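Sharing a structure here in structure tokens format.
No lab work stands behind these numbers, since they all come straight from the coordinates. This is a predicted model, so every value here is computed, not measured. Methodologically, a virtual Cβ is constructed for each residue, glycine included, from the backbone with ideal geometry; neighbour enumeration extends over all protein chains shown.
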Amino acid sequence: MTRGSKISRALDVRALRRCLLVFTTPIALAAWVGATVGTAQSANFLSTMTRYPESSGEALYDAICQGCHMADAKGSTGAGSYPALAADSKLEAAGYALLVVVQGQKAMPSFGYALSDEQIAAVVNYVRTHFDNDYKDEVTVADVEAARR
Ligand code: HEC
């Protein structure tokens, strides 16, 4: 190998590095923007990509459900109709409440994709034991798994 060709190879490597930098910078930027947009989306409960950090039934209710069913769970009518979950005899059937939350029903979005089995069990158990509901039979993680099928 001649001296000349060694130098030109070294130059090639440098050019290649510069080239890589030029090409990888936009990819890194796109990934960063994607991550930022993803975080912003977690505020949107309708997104199937959503993941909630809350784990207790109460915190999940406050973060998600009260947006439609209201803080006192008495529901509301206006732009849409959101039934009361307070003193709701339909919640006696644990399987019904569970299915509505996992799979959705009419204007009620499904939360099966957005929440873990533990989170779904927690929030269903929470509404069934609060707001003048007193149904003590707990929904288990195994029940949630079954409701997903
Ligand atoms: C985007 C609004 C919205 C959100 C958020 C929402 N719901 Fe609902 N929910 C509804 C609507 C609308 C219905 C009535 C569906 C129908 O017409 O059958 C409903 C029905 C229900 C029912 C059945 C009540 C009954 O008496 O038949 C349960 C249980 C329920 N929701 C629980 C929850 C829980 C728990 C959460 C939070 C994880 C939640 N919902 C979040 C809109 C919402």
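Arranged from highest to lowest average of other beta-carbon atoms within 10 Å per residue, in what order do the peptides 82-90, 51-59, 122-130 appear? Mind dumping the intermediate values first?
Numbers: 82-90: 16.0, 51-59: 14.3, 122-130: 21.7.
Taking the mean over residues of other Cβ atoms within 10 Å, the ranking is 122-130, 82-90, 51-59.
Quick one: order ILE64, ILE120 by neighbouring beta-carbon count within 10 Å, fewest to most. Don't skip to the end; give the middle numbers.
Values: ILE64 21, ILE120 25.
Ascending number of Cβ neighbours within 10 Å: ILE64, ILE120.
Can you give me the orientation-averaged projected area of the convex hull built on the Cα atoms of the stretch 85-149, in nm²?
Computed as one quarter of the Cα hull surface, the answer is 4.0 nm².
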